[in-house]
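Here is the structure we will look at, set down as structure tokens.
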Amino acid sequence: MESVHAVNGSAPACPDFISYTVKNAAGKVISIGLAFVFSNLSHQLLKPLSQPRIASDIAVGLVLGNISLIRHAFDEQFIDILNSIAEFGMICYMFVLGMEMDPYVIFKAPSRNAMVAYAGMVPTIILVCSITPLLHYYQHPTIGFTLSLSTTLSGSSSHILTRLITSLKIGKSDIGKLVIAAGMHSDMISMLLVSIGYLCFPTAITISDFAANIRMTLTMAAALLLQIIFTATVSPIFMNWVNNENPEGKPMKGSHLVLSVAFMAFVCSVAPIYGYSPILSAFLAGVFLPSEGRVSKWAVGKINYLLPTIFYPVFFFWMGFHADFSKFEASHWGTWGRFLVLVFITVFGKVIGTVICGVMLGFHQRESAELGLLLTAKGHFHVFLAVVGLLLNITTTTTSISIIIVIFLSVLPTPLVVSQIIKRARKRAPTQRVALEWLDPSNELRILLCIQGVHNVLSTINFMEISQGASDPGILVYLTDMVELTDQIASTLVQEGMDTVTVMDKDVTEMRDQISTAVQAYVEENGNGITLRRMLALSTFNGMAKDICNLAEDLMISLVILPFHKNRHANGTLDGGNPGFRYVNRKVLRNAPCSVGILVDRGYGLVEKISKSVSSFQVAVIFFGGKDDREALAYAGRVARHPGVKLTVIRFLLDSDSVTASRRAGNCRINAAVQEQEMKLDDESFAQFYERHIAGGHVSYSEKHVANSAETYATLRSLEGQYGLIIVGRGGRVNSILTIGMNDWQQCPELGPVGDVLSGSDSSHTTSVLIIQQHSLKGELDGVDDEFSIM
């Protein structure tokens with residue numbers, strides 16, 4: 001990992017030196033430009049196959065780097081520049097890699113993740129150390145290279161695995177979580193081994209110079225230890241000071257930004273002054289720097305943005321240039337034999353280790369083998385090591401190319417392995433994945449609570465109050481501001497990374513500060529069991545629904561709550577509403593990956609602090625039947641636990657003696673089997689609710705026997721003013737006799753027939769309504785986005 005300069009033939013004598021120089025420079029620019037173009041183009045072409053970017057980058061680099069016209073365009077000086085770019089880019093890559101790791105896990109008792117990581121690494125290291133010295137993979141036998149090759153083949157690229165597992169949508173499964181955690185552990189252990197091994201076998205000193213080797217090792221070790229101690233003790237103090245001086249939502253001060261970058265550069269450069277590898281030094285500095293905080297996230301975001309945008313195309317072109325196929329001894333049988341041995345060691349070592357570990361941990365054999373195959377994936381640092389071995393004349397070109405191809409092949413099958421996991425998981429996937437009705441009471445309820453502005457704060461606080469249920473497990477609320485992205489706001493955005501922007505618009509920041517202050521004050525004073533997180537859905541109205549759905553999916557939300565698009569006047573009536581927010585609400589209802597509620601505030605936000613000791617707030621839940629009403633009933637079960645809420649369950653039943661009802665029933669085409677199944681689920685759900693809440697006397701219960709939708713409408717109107725909040729399902733009723741025809745005069749179909757009646761312009765000005773729609777699957781799954789077990 002020392003800076004190495006490749007030697008190429010110098011430019012031939014030319015009568016017109018200026019013309020030659022211009023043509024040569026043009027050739028270099030075109031070559032690098034082709035690397036950028038084909039790197040991105042091939043990545044897009046391979047996207048349907050779910051191949052990670054590194055696969056296309058390696059292929060493009062090997063092809064472009066071996067085109068004779070391109071190779072002849074480069075002279076020795078430019079090759080030195082490419083070597084420096086590759087080294088500097090790898091320093092940045094390793095710095096970010098280190099910041100994503102927790103070094104203290106190695107001091108804890110081995111977890112299941114660690115055991116899987118060790119099980120995959122140990123057999124591979126044993127195979128490499130016992131087989132490769134006999135097959136002449138290097139020009140001069142060295143212990144250092146053998147250990148380096150063993151860590152290369154035994155390690156995993158956590159960066160590649162995390163992106164792959166997340167993009168293929170198994171990150172929430174047990175095997176997905178295990179792959180990510182074991183890959184991270186394996187990557188960290190292999191990198192620590194390389195870092196320690198460099199102290200004992202530095203590339204700048206040969207093994208024959210034993211005394212100098214010892215002196216250099218002790219010097220580097222002392223410098224590295226000093227760097228680690230300084231980074232682990234001083235950096236948290238410095239970073240916390242900078243973070244406190246630059247809170248979220250405010251522009252970072254330029255002086256603090258410069259100081260932070262200078263500090264990071266300083267802690268990375270202490271050990272290299274005394275001969276240690278700058279790449280490994282950057283990794284160790286990143287490991288011991290705080291990973292949380294605005295400065296750290298800013299640095300990681302910026303570097304992660306620059307790596308695929310600028311560095312990777314140049315890096316893999318550099319790799320392809322040094323992997324000269326003209327020197328690859330393809331005609332020798334020994335070349336292919338050694339290549340197949342490398343493939344065998346890489347795959348067999350990982351798979352046999354994870355299978356044996358799986359037997360000990362009780363995993364299924366097939367899943368254990370798939371786990372091993374996924375953990376064979378290698379990454380950018382492993383490619384870098386293969387090329388550095390060639391530049392330092394430790395390995396031959398044939399060996400380096402073989403290692404690069406093995407790394408390429410280690411990545412290729414991963415999407416196929418994941419597709420098999422998804423295929424089996426689909427067969428086990430439940431019909432209702434994310435619904436309150438099926439939520440385990442012992443699990444924390446995750447709510448994405450959307451808010452349009454300061455006028456929604458009081459209703460938001462009251463909603464959190466009655467929804468919190470028991471303090472254990474409590475609720476996790478992601479309070480999300482819905483902000484329309486206008487040209488004015490877009491002009492104030494500051495990019496802080498690939499996926500991070502800061503809004504500098506004064507109105508938006510003031511609104512968010514007011515909301516945060518009010519809600520946080522409530523949570524600190526009264527929110528026992530409430531965990532609050534702040535989010536932002538900043539988009540045009542066309543894209544806001546997608547952003548909300550993506551947030552709900554990524555955060556594993558069970559219930560999304562949207563404010564109604566109409567706001568309350570001082571006299572209790574509703575205004576004309578914002579058509580943009582109405583469009584967002586309707587689109588979320590169609591595409592949300594979980595249950596959705598729309599809150600119509602008609603005085604809910606004016607309710608004074610709800611008592612925790614006296615039942616003073618009147619709430620009703622209306623139950624006709626169907627999946628949405630069952631979901632509303634499930635949510636009402638949480639509300640019933642609040643000591644300050646007096647809950648009443650109103651069940652609407654068909655008056656079987658009515659002639660009109662019989663005639664209506666005869667006119668409705670209903671699948672008898674489906675109706676019977678739904679009625680069975682309704683009865684079971686209601687029976688459970690009755691036993692838990694109504695039988696104890698805390699929740700009131702009444703029945704309304706009606707014959708048709710006209711009587712239903714009149715009964716609903718009679719409830720006006722009796723309750724502060726009414727909870728109702730949006731629709732999803734198989735037996736719609738009691739609501740048939742009510743759709744004809746709906747003002748807002750997104751509220752459903754019952755919700756529309758209760759929240760209409762001529763309804764009570766004091767009764768708020770919460771309309772809930774239960775999540776249901778539509779079509780075949782793309783991936784498996786919820787938590788499932790397949791191990």
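Before moving on, here are some points about what is shown:
- Top-ranked residue of the range 150-173 - restricted to ones that are small (G, A, S) and open to solvent by less than 10 Å² (accessible area, probe 1.4 Å), ranked as nearest to R112 (Cα to Cα): S173
- Residue check for L449: open to solvent by less than 50 Å² (accessible area, probe 1.4 Å), at pLDDT below 80, in contact with a helix residue (DSSP H, G or I) (Cβ under 8 Å, 6 or more places away or on another chain) and under 30 Å from I772 (Cβ atoms): no
- Qualifying positions in the range 287-312 - closer than 14 Å to F238 by Cα, buried (at least 19 other Cβ atoms within 10 Å of the Cβ) and in contact (Cβ under 8 Å) with a residue 60 or more places away in the chain: F288, L289, S296
- Residue check for Y93: under 31 Å from the mean Cα position of the chain (by Cα) and surrounded by fewer than 19 Cβ atoms within 10 Å (Cβ to Cβ): no
- When the range 521-542 is limited to residues that are surrounded by fewer than 16 Cβ atoms within 10 Å (Cβ to Cβ) and among the charged types (D, E, K, R), the one that is nearest to Q774 (Cα to Cα) turns out to be R533.
- Restricting the range 229-257 to residues that are surrounded by 15 or more Cβ atoms within 10 Å (Cβ to Cβ) and among the aromatic types (F, W, Y), the residue that is farthest from S291 (Cα to Cα) is F230.
- If you filter the range 749-771 down to residues that are among the polar types (S, T, N, Q) and not in a strand (DSSP E or B), you find that the one that is modelled with the lowest pLDDT is S764.
- Scanning the range 150-162 for residues that are in contact (Cβ under 8 Å) with a residue 60 or more places away in the chain and either touching a strand residue (DSSP E or B) at 6+ places or on another chain (Cβ under 8 Å) or part of a helix (DSSP H, G or I) (or both) gives T152, L153, S154, S158, H159, I160, L161.
- Any hit, the range 306-323, residues being over 21 Å from S56 (Cα atoms), assigned to a helix (DSSP H, G or I) and out of contact with any Phe, Trp or Tyr (no Cβ under 9 Å at 6 or more places or on another chain): no
- Residue within the range 372-391 that is on the phi < 0 side of the Ramachandran plot, over 30 Å from the mean Cα position of the chain (by Cα) and of a type in the set (S, T, Y) present: no
- Any hit, the range 121-135, residues being within 15 Å of K378 (Cα to Cα), at pLDDT 80 or above and open to solvent by less than 40 Å² (accessible area, probe 1.4 Å): yes
- Per-region count, the range 655-682, residues under 29 Å from Y723 (Cα atoms), open to solvent by 60 Å² or more (accessible area, probe 1.4 Å) and modelled with pLDDT of 80 or more: 1
- The single condition among (1) at pLDDT 80 or above; (2) buried (at least 24 other Cβ atoms within 10 Å of the Cβ); (3) in a helix (DSSP H, G or I) that G176 does not meet is (1).
- Filter result for the condition that a residue is open to solvent by less than 50 Å² (accessible area, probe 1.4 Å), touching a residue at least 24 places away in the same chain (Cβ under 8 Å), in a helix (DSSP H, G or I) and in contact with a Leu (Cβ under 7 Å, 6 or more places away or on another chain), over A552, A545, A518: A552
- If you go through the range 217-250 and keep only what is modelled with pLDDT under 80 and not acidic (D, E), you end up with N246, P247, G249, K250.
- Residue match in the range 79-100 (condition: outside any helix (DSSP H, G or I) and modelled with pLDDT under 80): no
- For S150: the one exception among (1) at pLDDT 80 or above; (2) under 21 Å from A282 (Cβ atoms); (3) among the small types (G, A, S): (2)
- Here E329 fulfils each of the conditions (1) in a loop (DSSP other than H, G, I, E, B); (2) modelled with pLDDT of 85 or more; (3) of a type outside the set (A, V, I, L, M) apart from (2).
- Condition broken by G497, with the remaining ones in (1) at pLDDT below 85; (2) more than 25 Å from the chain's Cα centre (by Cα) satisfied: (2)
- Matching residues in the range 179-195 - criterion: being open to solvent by 10 Å² or more (accessible area, probe 1.4 Å) and out of contact with any Leu (no Cβ under 9 Å at 6 or more places or on another chain): A181, H185, I189
- Check on L284, within 21 Å of I237 (Cα to Cα), in contact with a Gly (Cβ under 7 Å, 6 or more places away or on another chain) and either in a helix (DSSP H, G or I) or open to solvent by less than 60 Å² (accessible area, probe 1.4 Å) (or both): yes
- Members of the range 31-59 that are of a type in the set (G, A, S), in a helix (DSSP H, G or I) and in contact (Cβ under 8 Å) with a residue 12 or more places away in the chain: S31, A35, S39, S42, A55, S56, A59
- Filtered residues of the range 683-717 (kept if surrounded by 15 or more Cβ atoms within 10 Å (Cβ to Cβ), assigned to a loop (DSSP other than H, G, I, E, B), under 47 Å from the mean Cα position of the chain (by Cα) and modelled with pLDDT under 85): H698
- Index of the failed condition, P290 passing every other in (1) at pLDDT 85 or above; (2) not in a loop (DSSP other than H, G, I, E, B): (2)
- Flag: G597 matches the condition of being closer than 24 Å to T767 by Cα, touching a residue at least 24 places away in the same chain (Cβ under 8 Å) and not charged (D, E, K, R).
The values are calculated or read from the model by the stated rules, or taken from the named source; none is laboratory data. What you see is a predicted model; the values in this text were computed from it and never measured. Cβ: placed from backbone, ideal geometry, glycine included. Neighbour counts: every protein chain shown. All accessible areas refer to the heavy atoms of the entire protein, side chains included, with ligands and DNA or RNA removed. Shrake-Rupley method; radii C 1.70, N 1.55, O 1.52, S 1.80 Å.
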